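A.B. asks: One structure follows; several queries about it will come next.
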Amino acid sequence: MKHSSILIFALLIFLTSCDKNRVYEKNVRIPDAAWDHNNKLEFETEITDLTLSYNYFINIRNTTDYSNSNIYFFINTTFPSGEVANDTLECFLAEVSGKWLGKGLGKIKESHILFKSKFRFPQQGIYKFEVEHAMRVDTLFGITDFGIRIEKAD
C-alpha cells in the first residue's frame, strides 16, 4: 500500500510538471448537464507578469445529446482596476454535417477552443471572468462542463 501511494504521488508530480505553460485552468461542472441562463460561472486568477504573451482558451465538455452545432457565451472580464470588458463568443462544437469537433469516445466530447491568441494583460493583479451562455433558451441541455485556460504563448 505504501509503494502505491508513493507511485501515485510521483505520477501526479510528473503530470503537473509537464504543463509548464499553464498559468491558470479551472473547469466547472454543470449540474445535470442543464445550464440555466441565470447560472453565471465565475473564475478568478492573478496575473503578475505583463511582459509575457498569453493564449486564452475555452474548455467545453458536451454530450452528443446537445441539440446545437454551436454555442454562444457572454464573457465579462473585470480588470484589477475595476474596469469591465464584455465579449460575445460563438464556439462551434459540430460541423454542419453533424460530426462532432470535440475529442472523446462515446457520448462525451471535449473541445479546447482558442479565444484570444498571444495577447498581453494590461494590468497586474486579480482578473475576474464571469461567463453565461447566450443561447435563446433558458436552460441549455447537454453541456456538462465549462472552463477557462490561460497559458504562456510560445
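The values are calculated or read from the model by the stated rules, or taken from the named source; none is laboratory data. Predicted model, so just to flag it, every value in this text is computed and none were measured. FYI the Cβ positions are ideal-geometry reconstructions off the backbone, even for glycines, and counts take in every protein chain you see.
A.B. asks: Please count how many residues of the stretch 69-89 are out of contact with any Phe, Trp or Tyr (no Cβ under 9 Å at 6 or more places or on another chain) and either modelled with pLDDT under 95 or of a type in the set (A, V, I, L, M, F, W, C) (or both). Before the answer, list the steps.
C.D. replies: First pass over the stretch 69-89, keeping only residues out of contact with any Phe, Trp or Tyr (no Cβ under 9 Å at 6 or more places or on another chain): 72, 74, 81-84.
So of that shortlist, the ones also either modelled with pLDDT under 95 or of a type in the set (A, V, I, L, M, F, W, C) (or both) come out as 74, 84.
The total comes to 2.
A.B. asks: Continuing with the same structure: Any residue in the stretch 90-109 that is loosely packed, with under 11 Cβ neighbours inside 10 Å, touching a Leu at 6+ places or on another chain (Cβ under 7 Å) and modelled with pLDDT under 95? Lay out the reasoning, then the answer.
C.D. replies: In the first step, residues of the stretch 90-109 are kept if they are loosely packed, with under 11 Cβ neighbours inside 10 Å; the result is 90, 95-99, 103, 105-106.
This time we only want the ones that are touching a Leu at 6+ places or on another chain (Cβ under 7 Å), so: 95.
When the remaining residues are screened for being modelled with pLDDT under 95, the result is 95.
Yes.
A.B. asks: Now for a separate question. With the condition kept exactly as written, say whether any residue in the stretch 123-136 is farther than 28 Å from Thr45 by Cα and among the aromatic types (Phe, Trp, Tyr). If you could, list the steps in order and put the result at the bottom.
C.D. replies: Within the stretch 123-136, the subset farther than 28 Å from Thr45 by Cα is 136.
Then keep just the ones that are among the aromatic types (Phe, Trp, Tyr); that gives none.
Taking every residue of the stretch 123-136 in turn, none turns out to be farther than 28 Å from Thr45 by Cα and among the aromatic types (Phe, Trp, Tyr).
A.B. asks: Name, by its number, the condition in (1) in contact with a Lys or Arg (Cβ under 7 Å, 6 or more places away or on another chain); (2) loosely packed, with under 15 Cβ neighbours inside 10 Å; (3) closer than 15 Å to Ile148 by Cβ; (4) among the hydrophobic types (A, V, I, L, M, F, W, C) that does not hold for Phe57.
C.D. replies: Of (1) in contact with a Lys or Arg (Cβ under 7 Å, 6 or more places away or on another chain); (2) loosely packed, with under 15 Cβ neighbours inside 10 Å; (3) closer than 15 Å to Ile148 by Cβ; (4) among the hydrophobic types (A, V, I, L, M, F, W, C), only one is false for Phe57: (2).
A.B. asks: Take Asn59 and tell me if it is in contact (Cβ under 8 Å) with a residue 60 or more places away in the chain and over 24 Å from Ala33 (Cβ atoms).
C.D. replies: Details: in contact (Cβ under 8 Å) with a residue 60 or more places away in the chain: yes; over 24 Å from Ala33 (Cβ atoms): no.
No; evaluated as a whole, the condition is false for this residue.
A.B. asks: For the stretch 118-154, give me the residue count where each residue is basic (Lys, Arg), outside any strand (DSSP E or B) and touching a residue at least 24 places away in the same chain (Cβ under 8 Å). Outline the logic, then answer.
C.D. replies: Of the stretch 118-154, the ones basic (Lys, Arg) are 118, 120, 128, 136, 149, 152.
Still in the list and also outside any strand (DSSP E or B): 120, 136.
Filter once more, keeping what is touching a residue at least 24 places away in the same chain (Cβ under 8 Å): 120.
Qualifying residue count for the region: 1.
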